[in-house]
Amino acid sequence: MSSPAPQPLPDAPQPEEVPWWLKYAGRGMGTFGGIVAMALGLWTCISFSPICIVAGIWQIMAGFVVVLAEAPCCCMFLDFVQTFTNFIDRRPVWHKAGFYILISLPAMFLCAGLSTFLGSAMLFATGVVYGLMALGKKASRGEMLNRAQTDFLATNLVKNMEVPIPNQSVP
């Protein structure tokens, strides 16, 4: 029995605002990046440094969370996957972007190595793709010119306007 499609929150962008190819790029980057982050996190765990072991475990968990959110079909053996995916899909796109960027950073700060850098970079890039989705569609050339002229006129009028200060006489 399938669950109903998740309803977006009120401030979430409407589906027609985001190009289809960017949606698939985000999902693909998240799935691939999560798998790569888990593999490189495992490689980081093979170390004598306790901090690097912790960083590797963090990277494995971060990659697993991203794969859970982006490709729930990879983890259908877990009973909470659909609920978690619906929760994530209801959030605005910029929440996903910020979350993916935040979970990518600790592993790289804990153990500065090539494997943690590459794994974290994959998760960070997924956050950047979702950040681009959150920015939305670029305005047309005419709209941008109109906005620039309006801002220029408003700034110059306010800057060049002299506001008279009333004479204050002290008795």
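The values are calculated or read from the model by the stated rules, or taken from the named source; none is laboratory data. Remember, predicted model here, so these are calculated numbers, not experimental data. Cβ sites come from the backbone with ideal geometry, for glycine too, and all protein chains shown count toward neighbours. To get the accessible areas, we keep the full protein, side chains included, count just its heavy atoms, and leave off ligands, DNA and RNA. Shrake-Rupley method; radii C 1.70, N 1.55, O 1.52, S 1.80 Å.
Looking across segment 122-158 at every residue that is loosely packed, with under 10 Cβ neighbours inside 10 Å and in a helix (DSSP H, G or I), the one that is modelled with the highest pLDDT is identified as GLY142.
The set of residues from segment 65-115 being in contact with a helix residue (DSSP H, G or I) (Cβ under 6 Å, 6 or more places away or on another chain), among the hydroxyl-bearing types (Ser, Thr, Tyr) and either within 18 Å of VAL128 (Cβ to Cβ) or loosely packed, with under 14 Cβ neighbours inside 10 Å (or both) comprises TYR100, SER104. Regarding segment 52-62, can at least one residue be identified that is aromatic (Phe, Trp, Tyr) and more than 29 Å from GLY136 (Cβ to Cβ)? Yes, because at least one residue in segment 52-62 is aromatic (Phe, Trp, Tyr) and more than 29 Å from GLY136 (Cβ to Cβ). Counting the residues of segment 56-84 that are in contact (Cβ under 8 Å) with a residue 40 or more places away in the chain, out of contact with any Phe, Trp or Tyr (no Cβ under 8 Å at 6 or more places or on another chain) and within 22 Å of ALA125 (Cβ to Cβ) gives 7.
Residues checked against (1) at pLDDT 90 or above; (2) open to solvent by less than 10 Å² (accessible area, probe 1.4 Å); (3) closer than 19 Å to LEU102 by Cα; (4) under 16 Å from the mean Cα position of the chain (by Cα):
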| residue | (1), (2), (3), (4) |
| --- | --- |
| GLY30 | yes, yes, yes, yes |
| ALA37 | yes, yes, yes, no |
| LEU42 | yes, no, no, no |
| ILE60 | yes, no, yes, no |
